[in-house]
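The values are calculated or read from the model by the stated rules, or taken from the named source; none is laboratory data. Source: prediction; values computed, not measured. Glycine also receives a Cβ, built like all others from the backbone with ideal geometry; neighbour counts cover every protein chain displayed. To get the accessible areas, we keep the full protein, side chains included, count just its heavy atoms, and leave off ligands, DNA and RNA. Shrake-Rupley method; radii C 1.70, N 1.55, O 1.52, S 1.80 Å.
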Amino acid sequence: DKDRKLTAYAQFRDNNESEDADIEQRLLDGEDPEMIMLRQRSLNDETERNLLVQSDYVHPFSKDGKFEAGFRSTFRRISTNYLVEEQDSVGIWNNLVNFTNDFRYTENVHAVYGLIANRHGKVSYQAGLRAELSDIQTLLLQTDETNDRLYANLFPSIHANYHLNETHSWQVSY
């Protein structure tokens, strides 16, 4: 039917970012103000990939009534490699293991929803429910520390309007 509508949407994003820093500490009140007391460097490489997939369906069943349903899934991956090194007195760079780590973050969120809306005389309403499942995993590679979360949530909603006239109405929402 011409009034029914099915839409689908997908999006992929891929981002990369790299930051580096050089740190020098000098003793300014000593005999040799040019003498470097400490030299460190850090490198932070981050990659993020996101995929979004979504679809919605609208089915009108009367002049003012409609049923709507859909789903949405997001897949997110972040990889962060962080390296900190310090130069020793002979010029060799050594890894500072207490500050260096590779981090992995994975987040998958899936949601489905349905709602119904209609109007009877001066009263209109919309009621819906969204169910969401979240799966999150983190990993610090050097220390093998993980923090995984898997949880589900329900999000109900309801809106009711009493139309006093063409321009004014009272609304209650949850």
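Here is how the numbers come out for the structure above:
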{"read-out": "Condition check for Ile23: closer than 17 Å to Phe99 by Cβ, modelled with pLDDT under 95, among the β-branched types (Val, Ile, Thr) and surrounded by 10 or more Cβ atoms within 10 Å (Cβ to Cβ)", "value": "yes"}
{"read-out": "Any hit, the range 74-81, residues being over 20 Å from Arg149 (Cβ atoms) and in a strand (DSSP E or B)", "value": "yes"}
{"read-out": "All strands (runs of 3 or more DSSP E) inside the range 90-174 with 2 or more residues being among the charged types (D, E, K, R) and open to solvent by less than 80 Å² (accessible area, probe 1.4 Å)", "value": "101-120, 123-140"}
{"read-out": "Selected residue (only one of Thr100, Thr106, Thr74 is in contact with a Lys or Arg (Cβ under 9 Å, 6 or more places away or on another chain) and of a type in the set (Val, Ile, Thr))", "value": "Thr106"}
